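Quick notes on the structure that follows.
Just so you know, all these numbers are worked out from the coordinates, no wet-lab data involved. Given the structure is predicted, the values throughout are model-derived calculations rather than measurements. Here the Cβ positions follow ideal geometry from the backbone for every residue, glycine too, while neighbour counts run over all protein chains shown.
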Amino acid sequence: MSAATEANADRTGGPVLDIRNLAVTFATDAGDVAAVRDVSLSVAPGEVVAIVGESGSGKTVTARAVLGLLAETASSTGAVLVSGHNVVALSGADLRALRGPDVAMIFQEPSTALNPVFTVGWQIAEGIRAHGKVSKKEARTRAIEALRKVGIPDPEHRVDYYPHQFSGGQKQRVVIASALALNPALIVADEPTTALDVTVQAEILDLLRELRDTYNTAIVLITHNMGVVADLADRVMVMYRGDVVEEAPVGELFAHPREQYTQDLLAAVPHLGRHSASAGMTERDRSGQELLVEADRLSIEFPGRLGAPGFKAVDGVSLSIAAGEVYGLVGESGSGKTTIGRAIAGLNRVTGGSLKVFGYEMHGFHERTFKPLRKDIGFVFQDPAASFNPQLTIGDCVAEPLFVHRQGDAAAIRRRVGELLESVQLPAAYADRFPHELSGGQRQRASLARSLALHPRLLIADEPTSALDVSVQAKVLELFRELQQQLGFAALFISHDLAVVDMLSHWVGVLLRGRLVEEGVGSRVMGDPQHPYTRRLIASLPVPDPEEQARRREALRGTTD
């Protein structure tokens with residue numbers, strides 16, 4: 001009998017996970033905070049149950065309770081039965097024995113889940129040896145087999161690689177391999193595809209689906225991506241502020257959501273072709289419009305180290321952005337889209353071709369002569385938490401460009417900060433708060449306010465909504481569109497989410513390994529793609545409709561065969 005058959009034979013009984021009336025409360029200086037209230041959930045072998053909801057809904061707290069990973073300030077009541085063991089009542093030693101063989105977790109950010117100073121093989125083997133008397137040689141063999149199982153090429157060689165030697169998608173596969181090393185009956189996957197490109201995301205979802213089908217593994221999926229839910233889940237539990245508001249089979253929930261919150265959550269998901277910014281456009285009408293950005297055979301090469309050849313990140317790209325126009329730039333990680341955005345802002349050096357920004361040639365530019373033009377460029381970063389100084393208040397962060405460019409005295413700048421915060425639908429009083437006191441969506445709004453402080457003519461937005469909940473993302477995108485129409489700035493919108501790009505962009509360019517392979521009116525590129533790579537990108541994008549997503553999955557297989 002094969003290992004897979006044995007696993008399946010052992011997993012045909014009762015539920016792998018049985019949560020009964022779980023409540024979790026955190027002790028804070030301001031009093032107790034109830035994060036989860038009276039949650040009950042049962043997961044059968046081979047079943048995928050998705051828990052969805054906004055930040056603060058309690059979905060991740062529920063998931064961490066399954067492995068006994070709650071903070072010391074948390075207290076819990078109820079029962080969490082994993083393979084018959086009540087996690088809530090287990091001691092530290094018993095919990096460690098349970099983690100790995102019975103339940104494992106795939107964490108959201110593989111870069112922080114993996115130790116950078118140890119090889120991935122050592123880290124996988126460590127988990128194996130912690131649960132039994134296994135020789136180093138046997139643990140290494142099993143680590144190689146785990147890497148092979150998740151599709152890492154040449155696992156016999158790459159088992160000795162360090163985490164930084166893998167791409168983002170491969171690192172996520174390594175984390176999954178580590179979770180699978182002891183063949184657990186239950187996997188808890190916390191936002192396993194949030195920061196991944198759509199093509200890599202599709203590969204990870206196929207991998208999880210294969211694990212379910214081959215090993216009868218149960219999966220609890222935590223996500224805010226409703227397309228991922230439609231693609232993978234059998235059943236969905238919707239949470240809001242610690243409570244379960246709805247639970248139903250995936251087809252029923254998407255077709256006939258009962259609760260208003262679920263309906264609002266589904267309505268907030270961007271769809272290709274719905275509310276397209278370029279709807280009705282047939283060609284680029286630029287009569288009388290000033291070209292703010294002109295790239296002609298633009299090349300950007302980064303030098304190699306220790307005699308190694310350089311890396312050409314951008315290779316012969318020609319594009320232009322007119323005043324008042326939103327240009328969407330899409331492609332996978334490493335395609336060069338962020339490099340182009342940073343070059344336009346003067347943060348990367350141009351090494352070949354021509355790049356003109358407001359008529360100023362960036363090839364060989366000098367900071368002293370370009371600095372006066374910087375005030376006409378706003379930049380919205382992907383992670384506002386990292387771009388804000390944690391020791392400054394939000395008001396100080398937003399005011400920083402105004403002070404640098406000497407736009408008035410302290411009183412005038414303070415008034416301007418209040419206006420900016422209110423323009424992005426944040427109370428002016430938030431100026432006195434620190435970045436950590438704002439939610440992710442609020443920080444991104446503050447980042448948008450900072451980028452607009454100097455009335456820029458051009459805004460560069462680099463993945464500004466990739467890590468936001470779907471409902472928060474919808475509000476930020478609508479705000480972005482309203483401000484762009486009201487203020488008339490041009491924008492370079494960089495994203496791997498094609499539905500978001502379609503919603504905001506008039507013109508779309510598709511990058512593949514530093515080359516522009518397709519360009520045109522957004523609705524045409526999304527609706528009738530000409531290049532095989534564009535077709536594969538669109539087919540990889542999961543949509544919030546289980547039946548349509550099943551058809552798209554088959555279409556994606558057709559593009560990769």
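Annotations for the structure displayed:
- Taking the longest Cα principal axis of the chain as reference, the axis of helix 120-129 is set at about 20 degrees.
- Beta bridges per DSSP, both residues in the chain: antiparallel share near 55 percent.
- Near A50, the amide H atoms lying under 5 Å from its own belong to L221, D234, R235, V236, M237; only residues 5 or more places off or on other chains count, and H is placed 1.01 Å from N.
- Net charge over other residues, Cβ less than 13 angstrom from the Cβ of V350 (K, R count +1; D, E count -1): 0
- Centre-to-centre separation between the Cα atoms of region 36-97 and those of region 496-561: 37 Å.
- The chain, relative contact order [Cα under 8 Å, separation at least 6], %: 16 percent
- Whole-Hz Karplus values for region 84-97 come out as x, 9, 7, 4, 4, 9, 7, 7, x, 5, 5, 5, 5, 5 Hz, taken residue by residue from phi with 6.51 cos²θ - 1.76 cosθ + 1.60 and θ = phi - 60°; glycine and proline positions read x.
- Taking a ≥ b ≥ c as the square roots of the eigenvalues of the alpha-carbon gyration tensor, region 42-165 is classed prolate because a/c is 1.5 or more and a/b outweighs b/c.
- Spacing of the two label points (7 Å from each Cα toward its C-beta) at M281 and A555, in nm: 2.2 nm
- Spatially proximal aspartates and glutamates relative to K371 (Cα-Cα < 17 Å; intrachain offsets below 8 disregarded): E361, E400
- Of interest is the spacing of the C-alpha centroids, which for region 297-316 and region 345-367 amounts to 16 Å.
- If the chain linking V517 and K371 were pulled fully straight, counting 0.36 nm for each residue of separation and taking away their Cα-Cα distance, it would gain 49.3 nm.
- Region 21-152: relative contact order as a whole-number percent, Cα under 8 Å and 6+ apart: 17 percent
- Simple spin-label estimate for L95 and E247 in nanometres, 7 Å along Cα-Cβ: 2.4 nm
- Option label - Cα extents along the principal axes in Å computed here, alternatives (1) 94, 62, 47; (2) 78, 55, 50; (3) 72, 54, 48: (3)
- Put the Cα centre of region 451-483 next to the Cα centre of region 229-291 and the gap is 18 Å.
- MRE, 222 nm, helices only [DSSP H, n ≥ 4, -39500 (n - 2.57), over the chain, to nearest 500]: -11500 deg cm²/dmol
- Looking at region 489-561, the trypsin sites (Lys or Arg not before Pro) that sit in a DSSP loop and have at most 15 other Cβ atoms within 10 Å of their own Cβ are R513.
- The ranking of I176, I413 by Cβ neighbour count inside 10 Å, starting from the fewest, reads I413, I176.
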